[in-house]
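Comments concern the structure below.
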Amino acid sequence: MILQIALDTPLRRVFDYRPPAHFQGPGAPPLGVRVRVPFGRRQLVGILVGVACESAVVAPKLKDALAILDEQPIVDPVTFDLLRWAAEYYHHPLGEVFAAALPVSMRAGQPAQQTIKCWCVSETGRRELSAPSGRRAPQQRALLAWLSERDRATIDEVGEAFQPAQLRALAARGWVQAVAPDPAAVGPAALESRPSEVALTLHQANCVAAILASLPGYAAHLLYGVTGSGKTEVYLRVIAAAIAEGGQALVLVPEIALTPQLVDRFRRRFSSGVVAVHSALSGTERRDAWRAAHNGQARIIIGTRSAVFTSLPKLALIVVDEEHDASYKQHEGFRYSARDLAVIRARGAAVPIILGSATPSLETLENSATGRYFKHLLPQRAGTAQPPRMTLVDLRKHAADQGLSTPAIQAMAQHLKAGGQIIVFLNRRGYAPCLYCNACGWVAPCARCDARMTLHRHAQQLRCHHCGAHSGVPNICASCSQALNPVGQGTERVEETLARLFPEAPLARLDRDTASARGAVQGVLDRVHSGEARILIGTQMLTKGHHFPEVSLVVILDADQGLFASDFRATERLAQTITQVAGRAGRGRLAGEVLIQTEFPEHPLLNRLIEEGYEGFAVSALEERREAGWPPYSRLAMLRAEAKDSLGLDAFLRAALDSSALLKEAAVKLLGPASALIARRADHFRAHLLAETASRAALQRFLKNWLPLVERLPGPPGLRWSIDVDPLEVD
Ligand code: ADP
Ligand code: ZN
Ligand code: ZN
């Protein structure tokens, strides 16, 4: 018998081993168990993915596995299939795919089930208790009496009242014995769902009823609800019904640190069994959360991207909140889309999936137009809130003070006076995007990238936002020795300007710089929720579903980033960002107003967005995609490569292009090589080939045959390349 093991290595193959020497099964172990194997001079933990009769490896080289670590597969059967499917679809080594799915402790071989050991009083112990006490060991007798009253206790519980050493002493005397834990403590957590504080609106009630009507079985539902329409309430109701019989729900969110409110709402509604998986968890907490999900104890799992791989044997429903969010796509290593995999998983598990958004991706809209997904609308805000009023501010006509136009400053003064809070959005952190010499035109560059350094004045640094390089701030121009000026605005500079313009209004800033410290995000959000901060300035982080009821004005400082970008998805991103940021205004009792500053007020995208909303934008954007043959009307894959030697890089990509000609896959067009938008980053040149076709099957066939050829091509020293199926960005 030969065990085929997926190991966490970059090689696109599985590894053959003989069963461990002591192994004596009646049959083979089940697929999906972990196996410890020798690998070179190391030992690795891999996953059993196949069993064969023979191996191509010659007998003396074939090694014995060391141990089979599990009796049962490490993930539920649907997840096991999902991981294998994902490795094929994304053309990524299976071992690395499993590694991405499992927490570190599971990869290291820790037990998949919690080994809770309980102690209870033994027969001898009972006799000792009923015997006259005397003066012997009063502490131990006290513990014995305590234990006999409780039936059984874990070592942790004992430790709360007694010294653990006392327990060991009792065990040595044979007065206590180890027993299995109380079955009630390991079964699924009882899910007590509390009644909602609100009555559903008619639209919400219709959505809930329509989604529940599809139970049980697979169905994909787009919940297309404008910002503030109460999508979360719909999720909560559907989840309560779908898992009432002991099932589990998986809720994917873009970023948990930014949306603590959402987790709170789930915790308040469901008394127990809600587990949030996020990056701030310690290794032990992560392991415990994983085990609770895997043994069916946890009932609702809220997590980011990688939570799509959580083992959930009783999965009954999946929710993907803000399904358009780019963070569902993993951008390095195993490049998967958690949103897309969630749909595949729901289908495999035969359960419904809800994709929620106020600004659905064009892919998802197309899927609902063709009937693959059901579409449910929440066209109005919940409660009495009205949609915000949106206006363009022509930056060419109005004077501006450090990026803030006169109409924007006036509106801010009015809203502050009326007691509203204000959000100022600028998707650029730092103080100024460049340091410029007025005399000769020199701009401080990054030495390692084709990019400029951003000035961070508070930190007294120039930083490259592409490679992380940093340096001190030069006083004079490197070329002509004249003084240098910061040009343009980042959030740090806008904060300074606002402090000068509105000295009486406390400010809060939310961007990657202010959010880096632990707990800093929560601190900023708390200051806004409490009403202490009157103006919140920030980047993209502001768009993630926050609910600040007192915000009445949103100012978008620069709508023009993205209007003319070369990436075919740039306008979709821009429309989503503007709509989401705008959607923070007027969610409570105050009416909302949104000012969008632009130098191109006649631009059709901005006008359509204001007049027809995201819906109108999406209709015309899909039309453009269809004409240009971009997704969702075509399928893409990108071969990205980088190396220090630009000529060698180019030669490698040309050879890869040539090798594709052998495959005669006429339906797949291969474009390039083309340089990346930032052609040199961290001293590496970057370029790519783009495969494009109308047929998913043709693309898959092509990649399957082409990548082995690419793997064998020579390349310059240090060459790195990767394949990105369904890339989000193509430049
Ligand atoms: P979305 O996620 O669609 O942007 P939320 O779920 O955050 O919207 O809901 C926005 C606000 O509306 C929240 O304060 C929520 O409590 C409230 N809300 C939701 N449903 C109702 C309802 N049926 N009646 C009154 N208020 C509601
Ligand atoms: Zn100069
Ligand atoms: Zn750089």
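Checking the cross-link filter: which aspartates and glutamates have an alpha carbon closer than 12 Å to that of LYS375, excluding same-chain neighbours under 8 positions apart?
GLU366
Considering only Cα-Cα distances, which of the following residue pairs are longer than 21 Å: LYS329/LYS544; LYS664/LYS704; LYS329/LYS644; LYS231/LYS314?
Details: LYS329/LYS544 16 Å; LYS664/LYS704 13 Å; LYS329/LYS644 27 Å; LYS231/LYS314 24 Å.
From the list (LYS329/LYS544; LYS664/LYS704; LYS329/LYS644; LYS231/LYS314), the Cα-Cα distance tops 21 Å for LYS329/LYS644; LYS231/LYS314.
Can you give the Rg and Dmax of the chain based on its C-alpha atoms, in angstrom?
Over the chain's Cα set, Rg and Dmax evaluate to 29.7, 99 Å.
Using 0.36 nm per residue, how much length does the chain from ARG626 to GLN43 gain when fully extended, once their Cα-Cα distance is taken away? Don't jump to the answer; show the numbers that get you there.
Numbers: separation 583, 0.36 × 583 = 209.88 nm, distance 5.16 nm.
Residue separation times 0.36 nm, minus the Cα-Cα distance, leaves 204.7 nm.
Using Cβ contacts closer than 10 Å as the measure, can you line up PHE162, PHE98, PHE15 from fewest to most?
Values: PHE162 18, PHE98 28, PHE15 21.
Listing PHE162, PHE98, PHE15 from fewest to most nearby Cβ atoms yields PHE162, PHE15, PHE98.
Alpha carbons only, please: Rg and Dmax for the range 545-632, in angstrom.
14.1, 45
Counting only C-alpha contacts under 8 Å and six or more residues apart, can you give the relative contact order of the chain as a whole percent? It would help to have the intermediate numbers written out before the result.
Values: 1411 pairs, mean separation 77.7, N = 731.
For the chain, the relative contact order is 11 percent.
Nearest 20 debye, what's the magnitude of the dipole of the chain about its Cα centre given +1 on Lys and Arg Cβ and -1 on Asp and Glu Cβ?
Details: 82 positive and 71 negative charges, 364 e Å.
With Lys and Arg at +1 and Asp and Glu at -1, about 1740 debye.
Hey, got a sec? Which trypsin sites (Lys or Arg not before Pro) in the range 638-731 land in a DSSP loop and have at most 15 other Cβ atoms within 10 Å?
Values: sites: ARG640, LYS644, ARG654, LYS664, LYS669, ARG680, ARG681, ARG686, ARG696, ARG701, LYS704, ARG712, ARG720; in loops: LYS644, LYS664, ARG712.
Answer by residue number: LYS644, LYS664, ARG712.
How high is the relative contact order of the range 528-648? Use alpha-carbon pairs under 8 Å, at least six apart in sequence, and give a whole percent. If you can, show how the numbers build up before the last one.
Numbers: 118 pairs, mean separation 29.7, N = 121.
Over the range 528-648, the number comes to 25 percent.
Between ALA350 and LEU11, what is 0.36 nm times their sequence separation minus the Cα-Cα distance? Round to one decimal in nm.
Extra length from ALA350 to LEU11 when fully extended: 118.8 nm.
Using only helices, what value at 222 nm comes out for the chain when you add -39,500 (n - 2.57) per DSSP H run of length 4 or more and divide by the total residues, to the nearest 500 deg cm²/dmol? Present the calculation step by step, with values, prior to reporting the outcome.
Values: 21 runs with 236 residues, N = 731.
About -10000 deg cm²/dmol.
Counting only DSSP beta bridges with both residues in the chain, tell me the antiparallel percent, nearest 5. Show your work: numbers first, answer last.
Details: 60 of 111 bridges.
For the chain, the DSSP antiparallel bridge percentage is about 55.
DSSP loop GluC sites (Glu not before Pro) in the range 434-508 with at most 15 other Cβ atoms within 10 Å of their Cβ, which ones?
Numbers: sites: GLU492, GLU495, GLU496, GLU504; in loops: GLU504.
Passing both the DSSP loop test and the Cβ count: GLU504.
What does the convex hull of the Cα atoms of the range 585-731 come to per residue, in Å³, rounded to a whole number? Write down the numbers at each step before the final one.
Numbers: hull volume 25.7 nm³, N = 147.
It comes to 175 Å³ per residue, whole-number rounded.
None of the figures in this text is laboratory data; all of them are computed from the coordinates on show. Because the structure is a prediction, the values reported are computed rather than measured. So basically every Cβ, Gly included, is an ideal-geometry build from the backbone, and we count neighbours across all protein chains shown.
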